1. Report, in debye and to the nearest 20, how large the dipole of the chain comes out about its Cα centre when Lys and Arg carry +1 and Asp and Glu carry -1 on their Cβ.
2. Students often forget the sequence filter, so: which lysines lie under 26 Å Cα-Cα from LYS194 once same-chain residues fewer than 8 apart are removed?
3. Pairs of Cα atoms under 8 Å, at least six residues apart: use those to get the relative contact order of the chain, whole percent.
4. Could you estimate the translational diffusion coefficient of the chain from the Stokes-Einstein equation, with Rh from the Kirkwood formula over C-alpha pairs, at 10 °C and 1.306 mPa s, in whole µm²/s?
5. So for ASP11, ASP41, what's the accessible-area order with a 1.4 Å probe, most first?
6. Would you mind getting the accessible area per residue of the stretch 23-77, heavy atoms of the protein chains only, 1.4 Å probe, in Å²?
7. How much length is gained on full extension from THR198 to ARG211, taking 0.36 nm per residue of separation minus their Cα-Cα distance?
8. What trypsin sites (Lys or Arg not before Pro) in the stretch 12-94 are in a loop by DSSP, with at most 12 other Cβ atoms within 10 Å of the Cβ?
Amino acid sequence: MKIFLDTANLDQIREAASWGILDGVTTNPTLMSKENLKFEDLVREICKIVNGPVNVECVSTQSEDIVKEAKRHAKLAENVVVKIPICLEGLKATKVLSQEGIQVNTTLIFSPNQAFLAAKAGARYVSPFVGRLDDISHEGMDLVDQILVIFDNYGFETEVIVASIRHPLHVVEAALMGADIATIPFVVLEKMIKHPLTDVGMDRFLKDWSRVKKK
Ligand code: E4P
């Protein structure tokens, strides 16, 4: 499973890249709004650090405007993937963009039918938001499971990005289901490394090592 980082923060992106585990980045308007750089400069900078897709979201609502905005985003760097929220106008734009070779990540997916339609329209990726479903007492990971079955049944090449991840167990479940990608907030990525028994084990090894007679 590929790991994307769900952030627009340059320090976090640089740090995760240095761990050798980073396959891509997802941003959204909320994440962008937390950073101080000008939008275009920030996207270019992220794209330089990341050796993989950098997802940049469109905020236009009419298909012609979405297409224009997506083309502007795609010109910023070769590894830009445009994110388009699922809606009728977004589907129309996805059809046009995918035919022109611009990769689309259909975002804000909350039902299997939304993912199915996005794939048919030519989306390269779909992003089901598991945490936001959990938040309203729906089982977010069930949605991922259903989408994976549907895509498998019909041989869609569209990749499933498990999004809105809240904790390390979401990542484990995504990997067990065979999801293509998990896009993970930095705090969750840090938690994935930790285990209390590892800390205890390292502590004990270091203490014992200090008693070893050095030749
Ligand atoms: C995905 O591409 C989105 O940026 C993200 O996962 C949304 O997560 P949130 O529900 O924590 O805002």
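The values are calculated or read from the model by the stated rules, or taken from the named source; none is laboratory data. Since the model is a prediction, treat every value here as computed from it, not as a measurement. FYI the Cβ positions are ideal-geometry reconstructions off the backbone, even for glycines, and counts take in every protein chain you see. Accessible surface areas use protein heavy atoms only, side chains included; no ligands, DNA or RNA. Shrake-Rupley method; radii C 1.70, N 1.55, O 1.52, S 1.80 Å.
1. Working: 25 positive and 29 negative charges, 194 e Å.
So the dipole magnitude of the chain works out to roughly 940 debye.
2. LYS2, LYS207
3. Details: 364 pairs, mean separation 36.2, N = 215.
Computed over the chain, the figure is 17 percent.
4. Translational diffusion coefficient: 87 µm²/s.
5. Listed by decreasing accessible area, they come as ASP11, ASP41.
6. Normalised by residue count, the accessible surface of the stretch 23-77 is 53 Å².
7. Length difference between fully extended and current span is 2.6 nm.
8. Numbers: sites: ARG14, LYS34, LYS38, ARG44, LYS48, LYS68, LYS71, ARG72, LYS75, LYS83, LYS92; in loops: LYS34, LYS38.
Answer in residue order: LYS34, LYS38.
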